[in-house]
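These notes are about the structure you will find just below.
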Amino acid sequence: MKKQYTVSKDANMLAPDWLAARINYRTIKFLYDILDGAETLKGVRIGEEIAKIGDTISFDGKRLSVGRR
């Protein structure tokens with residue numbers, strides 16, 4: 001069964017369990033940008049690909065992939 005998640009501004013707090021369980025800070029990592037002292041989420045790095053806000057992350061049971069808007 002294929003699961004999908006659309007990256008939002010609050011993805012670091014609202015990530016689904018199947019994505020949060022795979023975060024190991026090497027393969028899957030949250031990318032932040034600092035603007036005027038405030039830290040904002042810029043995207044999610046999965047391997048060599050970056051899913052920006054609004055992109056879709058898909059999980060087919062074995063692999064994660066990024067779908068563009």
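How large, in percent, is the carbon and sulfur part of the accessible surface of the chain at a probe radius of 1.4 Å? Before the final figure, lay out each step's value.
Working: 2400 of 5040 Å².
Roughly 48 percent of what the probe reaches on the chain is carbon or sulfur.
Return a whole-number percent for the relative contact order of the chain, with Cα pairs under 8 Å and 6 or more residues apart as the contact set. If you can, show how the numbers build up before the last one.
Values: 112 pairs, mean separation 24.3, N = 69.
Contact order relative to length: 35 percent.
Just order 30-37, 17-24 by mean Cβ neighbour count inside 10 Å, highest at the front, would you? Before the final figure, lay out each step's value.
Details: 30-37: 9.8, 17-24: 12.2.
By packing density, highest mean first, the sequence is 17-24, 30-37.
With a cap of 10 neighbouring Cβ atoms within 10 Å, and only residues DSSP puts in a loop, list the GluC sites (Glu not before Pro) found in the stretch 25-69. Could you put the intermediate results ahead of the total?
Values: sites: Glu39, Glu48, Glu49; in loops: Glu48.
Counting only loop positions with at most 10 other Cβ atoms within 10 Å, the GluC sites (Glu not before Pro) in the stretch 25-69 are Glu48.
What residues from the stretch 43-57 fall in the zone where the backbone N is under 12 Å from a label point 7 Å along the Cα-to-C-beta line of Ile23?
Within reach of a label on Ile23: 43-45.
Is there a quick way to get the dipole size of the chain? I mean about its Cα centre, with the Cβ of Lys and Arg at +1 and of Asp and Glu at -1; what is the value in debye to the nearest 20? Don't skip to the end; give the middle numbers.
On the way: 13 positive and 9 negative charges, 73 e Å.
Dipole of the chain, to the nearest 20 debye: 360 debye.
Might you tell me the accessible area per residue for the chain, computed with a 1.4 Å probe and given in Å²?
Numbers: 5040 Å² over 69 residues.
About 73 Å² of surface per residue is accessible.
The values are calculated or read from the model by the stated rules, or taken from the named source; none is laboratory data. Note that this is a predicted model, so its numbers are computed, not measured. All Cβ positions, even for glycine, are placed from backbone atoms using ideal geometry, and neighbour counts span all protein chains on display. We work out accessible area using only protein heavy atoms, side chains counted, and drop any ligands, DNA or RNA first. Shrake-Rupley method; radii C 1.70, N 1.55, O 1.52, S 1.80 Å.
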